[in-house]
Each structure stands twice: as structure tokens, then as C-alpha cells.
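**Student:** Before we start, here is the structure in question, set down as C-alpha cells.
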């Protein structure tokens with residue numbers, strides 16, 4: 001048995017018998033990350049903390065988390081990989097919404113790659129004092145990342161809901177047991 005056969009077998013299992021569990025784990029990771037961004041925004045807008053003080057829930061005891069471009073890039077890459085790996089399990093309308101989320105995450109990942117390259121080389125976009133993404137030229141980083149995460153999260157949730165409640169034609173194409181009995 002080749003490595004390719006084993007990895008294809010694992011990917012197939014992930015999108016068939018393990019799809020529901022994999023989606024649950026993936027969703028929990030996404031929600032935890034989303035909560036960090038919301039918590040940081042609440043620290044700024046509700047508690048009046050400065051951006052330097054507002055580091056999210058985990059960033060308060062571990063300040064390096066907020067300033068690590070490697071960590072932010074790693075998470076963007078993890079999101080992208082998860083969207084790609086779980087994609088084969090989706091069909092019909094759910095697949096369309098999952099693909100929308102994937103497309104937005106591709107852009108979000110490229111923005112984080114740009115930030116990481118700047119952090120590694122010390123050459124910031126347009127001579128800015130800190131690594132800067134393209135859209136960050138017009139939208140502050142805190143708000144931009146809330147926006148990006150919402151843009152990726154919303155169609156992903158729609159895809160998951162449609163996946164759990166497929167139409168009869170979609171249900172016939174599904175290879176997993178994610179659909180509810182009444183779907």
C-alpha cells in the first residue's frame with residue numbers, strides 16, 4: 001500500500017464516516033479563534049483598553065500570541081487546509097456555500113502570508129512601522145480581522161446547516177451521515 005493510497009483513504013474516511021466528528025472539531029477550533037477576536041474587540045470598545053493592552057482572552061496571559069505573525073499565519077493556513085480537506089464531503093447547496101468560505105479564506109490566507117513575509121524580512125508594506133496587509137491600508141487591523149473572520153465564518157455555517165438538512169437529491173449524493181433524520 002502506497003503513502004498516496006493511505007492518505008487518500010484517510011481523506012475519504014474524513015469525508016464519509018468521520019465527517020460529522022471532523023466538522024464538529026473544526027467548528028470548535030473556528031469558534032475559539034472567532035471568540036478571541038470578539039474578546040479583543042470587547043476589550044477595546046466595551047472596556048476602553050488600548051490596542052496594546054487588548055490581546056484577547058489568551059493574549060492577556062500569553063502576550064506573544066498577539067504579536068506572533070507565525071501564529072496568525074499558522075491559523076490562517078490551518079483554516080485553509082481544513083476547508084480543503086473537508087470540502088469533498090459537501091454536495092449541492094452546501095458545497096456552494098463551503099466554496100464561498102474557502103474562496104474568502106484563500107484571500108485571508110494570502111493577506112497573512114504577506115504579513116508573515118514582512119515580519120520575516122523587516123520590509124513592511126509602503127514603509128509602514130509594522131507588517132501591514134493590503135486591506136489594512138484602509139481598515140484598521142482589529143476591525144479587519146473581525147470582518148475577515150465573519151466573512152469566512154458566515155458561509156461556512158450556512159454550508160454546515162444546509163449539509164445537515166439536505167434536499168432529497170442532495171441527500172442521495174452524500175457519502176456521510178451528517179444529515180438529520182428529518183432533513
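**Student:** Nearest 10 degrees is fine. How inclined is helix 141-164 to the longest principal axis of the chain, computing both from alpha carbons?
**Tutor:** Orientation of helix 141-164: about 10 degrees from the principal axis.
**Student:** Given a Förster distance of 22 angstrom, what is the FRET efficiency for residue 32 paired with residue 172, based on the Cβ-Cβ distance and rounded to 0.05?
**Tutor:** 0.05
**Student:** Sticking with this one: How high is the relative contact order of the chain, given as a whole-number percent (alpha carbon pairs under 8 Å, six or more residues apart)? Mind showing how you got there, number by number?
**Tutor:** Numbers: 176 pairs, mean separation 49.0, N = 183.
Relative contact order, the chain: 27 percent.
**Student:** I'd like the orientation of helix 3-14 relative to the chain: the angle between its Cα long axis and the longest Cα principal axis, in ° from 0 to 90, rounded to 10.
**Tutor:** Approximately 80 degrees, to the nearest 10.
**Student:** So what does the Cα-only Debye profile of the chain read at q = 0.11, 0.20 Å⁻¹, as log10 I(q)/I(0), no solvent term?
**Tutor:** -0.57, -1.31
**Student:** Also, quick follow-up: How do 39, 153, 90 rank when sorted from fewest to most other Cβ atoms within 10 Å of their own Cβ? Working shown, then result.
**Tutor:** On the way: 39 16, 153 19, 90 26.
Ranked by crowding around the Cβ, least crowded first: 39, 153, 90.
**Student:** Okay, moving on. Mind checking the angle between helix 92-121 and the chain's longest principal axis? C-alpha axes, 0 to 90 degrees, to the nearest 10.
**Tutor:** The angle comes out near 30 degrees.
Every number here is computed from the coordinates shown, using simple stated rules; none is lab data. Fair warning: this is a prediction, and the values are worked out from it, not measured in the lab. Here Cβ is always computed from backbone atoms with ideal geometry, including for glycine, and neighbour counts include all displayed protein chains.
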